[in-house]
Amino acid sequence: MAGLSGASPGGLANGTDGLAGTLSPSRFLLDDEWNHWTDGLDWGALAPGCLDIEFLHRLIFYKENKSSMNINPLDPKILALSLFVTTILFAICSWFTRATFRRMLGGLIGGLPLIPLVMFYDAMAARFGLWHYPAVTSGSAPIAWYISTALFYGTALGLVGWRVIRRFDRWGLIIFLIVFGLFGVSRDVAYSLTSNFIKFGPGWLPYPADFFAYVSGAAIVQLLMRWIAGKPGSDLLSRTRKTQQDVT
């Protein structure tokens, strides 16, 4: 892939250097080479139509992120790392919640619907201006992004929710869903304030919509886990010594 060292700021504005063909989603432009040419670029001089919409979208994104973000969330290496980390977190949650194999299986299967569900939520949110990911030019992110989300926020934290529900029954479910939703919205707001990972639309509506997305996803995981592995208190915890009684 050709670099940007042969391009000039004027060429960007005129669209004569063919830079749109040199970029790909994995090309992160926050390097010294990119900064060298864009520091003197008159962004207002970019004439409409001189660049395709996706390329212009990325130009604006990278310009806004020059001082607030130094990793590309769409980099295949970052996506692979997130899958690895969330798998480890799932294993840790499985161990500390003392989930049986059947309970873990229920959590994993329960997390599967979150992949298309969250993709749908993100696509609708982008369409109606509720929130969007500046690094993503389409409505939804790569599939690996959503697999990581389902594995941690759905399955791993779903096992934590199972233990809360097991201990406090119906009130445990209510408490878990509320806390989970508040945690998710707080995380997204923190990201939006400290980086351009996610951006919310204007007004108050994006926040309850984000809350609903988290709560509905968590509820689906618990429902499917219950259907597959039984009620929260129906199975023994793993690593529990089983007492044997003589049958006379």
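The values are calculated or read from the model by the stated rules, or taken from the named source; none is laboratory data. The structure presented is a predicted model; accordingly, all values stated were derived computationally and were not measured. No Cβ is skipped: glycine too gets one built from the backbone with ideal geometry, and neighbour counts run over all protein chains shown.
Which one of these is modelled with pLDDT under 95 and surrounded by 18 or more Cβ atoms within 10 Å (Cβ to Cβ): 229, 213?
Just a single option satisfies the conditions, and that option is 229.
Out of everything in region 189-213 that is of a type in the set (Ser, Thr, Tyr) and either touching a helix residue (DSSP H, G or I) at 6+ places or on another chain (Cβ under 9 Å) or part of a helix (DSSP H, G or I) (or both), what residue ends up being farthest from residue 127 (Cα to Cα)? In this case the residue turns out to be 194. Being exposed (fewer than 15 other Cβ atoms within 10 Å of the Cβ) and modelled with pLDDT of 95 or more: is that true of residue 177 here? The answer is no for residue 177. Would you pick out the residues in region 110-152 that are part of a strand (DSSP E or B) and not hydrophobic (A, V, I, L, M, F, W, C)? 132 - this is the single residue of region 110-152 that is part of a strand (DSSP E or B) and not hydrophobic (A, V, I, L, M, F, W, C). Here are some conditions: (1) at positive phi; (2) modelled with pLDDT of 95 or more. Residue 129 meets all but one. Which one does it not meet? Tallying (1) at positive phi; (2) modelled with pLDDT of 95 or more, residue 129 fails exactly one: (2). Go through region 74-91 and give me each residue that's within 18 Å of residue 238 (Cα to Cα) and either free of Cβ contacts under 8 Å to residues at least 40 places away in the same chain or in a loop (DSSP other than H, G, I, E, B) (or both). Within region 74-91, 91 is the sole residue that qualifies. Regarding residue 141, is this residue surrounded by fewer than 22 Cβ atoms within 10 Å (Cβ to Cβ) and hydrophobic (A, V, I, L, M, F, W, C)? So residue 141 passes the test. Here the condition is being at pLDDT below 95 and under 15 Å from residue 110 (Cβ atoms); of 149, 194, it holds for 149 alone. Scanning region 214-232 for residues that are under 24 Å from residue 122 (Cβ atoms) and not polar (S, T, N, Q) yields a total of 10. When you look at residue 224, is it outside any loop (DSSP other than H, G, I, E, B) and in contact with a Phe, Trp or Tyr (Cβ under 6 Å, 6 or more places away or on another chain), yes or no? Spelling it out, it is not the case that residue 224 is outside any loop (DSSP other than H, G, I, E, B) and in contact with a Phe, Trp or Tyr (Cβ under 6 Å, 6 or more places away or on another chain).
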